[in-house]
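The block underneath contains the structure these notes are about, expressed in structure tokens.
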Amino acid sequence: MNLIIRREKPDDRYAAEYMTKKAFWNLHVPGCSEHYLVHKLRRDAAYLPLLSRVAESNGQVVGAIYYARAFVQNGDERTEVLTFGPLAVEPSFQKQGVGSQLLETTMDLARQAGWKAILIYGEPEYYPKHGFITCDHFGITTPDGKNFPAFQGIELVSDGLKGISGQFHEPDVYSHLPQWEVDQYDRLFPYLEKRKLPGQWTT
């Protein structure tokens, strides 16, 4: 596959969001909100376009990863870390290494830029293949003091999280996605049927 990993251009935005919609549609819940998150994240102060990348194959955007600033809070001490999401791949290009190339390329970019660690909420079966481990190994919890398999991190340099503990906080944009806003924005894209499927998250 002829794959180009590059920065996103303004002309890519609609295609990247539609690709993200297709990648996550009915995956975790009926429908999805990840394409709207991409739209909002680009306008957020925490967004890091210098690290974010799209994957192009034969002129088509077939994958994308979006980075943002986050932090670990321990009392009055705040340590800035990276987070990312979504990492999306066009369904017909999944399981061909596109996501891995996006992730490995951008982790190298982050390392070169001086970042020491990445913390995410991501697929427990996927990210450990790239060196991620659960955050209880670092003494870092969610804002409400929890740990679980999807809450993972990686040190980009040796001992990148040494001496750092506390609560992880991602940008508010990741959790402020009202359903009515998602539904309204979704009208800009071709219709896909929402379906409840086995394996989706339960609420």
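In a solvent-free Debye calculation with one equal scatterer on each Cα, what is log10 I(q)/I(0) for the chain at q = 0.08, 0.15, 0.16 Å⁻¹, listed in the order of the q values? The calculated log intensity ratios at q = 0.08, 0.15, 0.16 Å⁻¹ are -0.26, -0.97, -1.11. These residues, Trp180, Trp25, go from largest to smallest accessible area, 1.4 Å probe, as Trp180, Trp25.
Could you work out [θ]222 nm for the chain from helices alone, using -39500 (n - 2.57) per DSSP H run of at least four and dividing by all its residues? Round to the nearest 500 deg cm²/dmol.
My calculation for the chain gives -6500 deg cm²/dmol from helical runs alone.
Each part gets one Cα centre, and for region 88-136 versus region 57-81 those centres are 11 Å apart.
The mean sequence distance of close C-alpha pairs (under 8 Å, at least 6 residues apart), as a share of the length of the chain, puts its relative contact order at 24 percent. Largest accessible area first, the listed residues Ser165, Ser52 line up as Ser165, Ser52 when surface is computed with a 1.4 Å probe on the assembled protein chains. Fraction of C-alpha pairs exceeding 19 angstrom in region 102-203: 58 percent, rounded to a whole number. Have a look at Leu188, Pro143, Ser158 and report the one farthest towards the positive end of the charge dipole of region 143-203, computed about the Cα centre with Cβ charges (Lys/Arg +1, Asp/Glu -1). My answer, from the dipole projection, is Leu188. An oblate overall shape is assigned to region 114-165, the ratio a/c of its alpha-carbon gyration tensor axes (a ≥ b ≥ c) being 1.5 or greater and a/b not exceeding b/c.
Calculated accessible area for the chain comes out at 53 Å² per residue, all protein chains present (probe 1.4 Å; ligands, DNA, RNA ignored).
Sorted by accessible area with a 1.4 angstrom probe, largest first, how do His28, His137 fall?
Output order, biggest surface exposure first: His137, His28.
Rounded to the nearest 10 square angstrom, Asp11 shows an accessible area of 140 square angstrom against a 1.4 Å probe. Can you return the lysines within cross-link range of Lys129? Criterion is Cα-Cα under 28 Å, with same-chain partners fewer than 8 residues away left out. Those lysines meeting the cut-off are Lys21, Lys22, Lys95, Lys116, Lys146, Lys162.
The values are calculated or read from the model by the stated rules, or taken from the named source; none is laboratory data. Nothing here was measured: the structure is a model prediction, and the numbers come from that model. For neighbour counting, all protein chains shown are included, and Cβ atoms are generated from backbone atoms with ideal geometry for every residue, glycine included. Note: accessible area is taken over every heavy atom of the protein model, side chains too, but ligands, DNA and RNA are not part of it. Shrake-Rupley method; radii C 1.70, N 1.55, O 1.52, S 1.80 Å.
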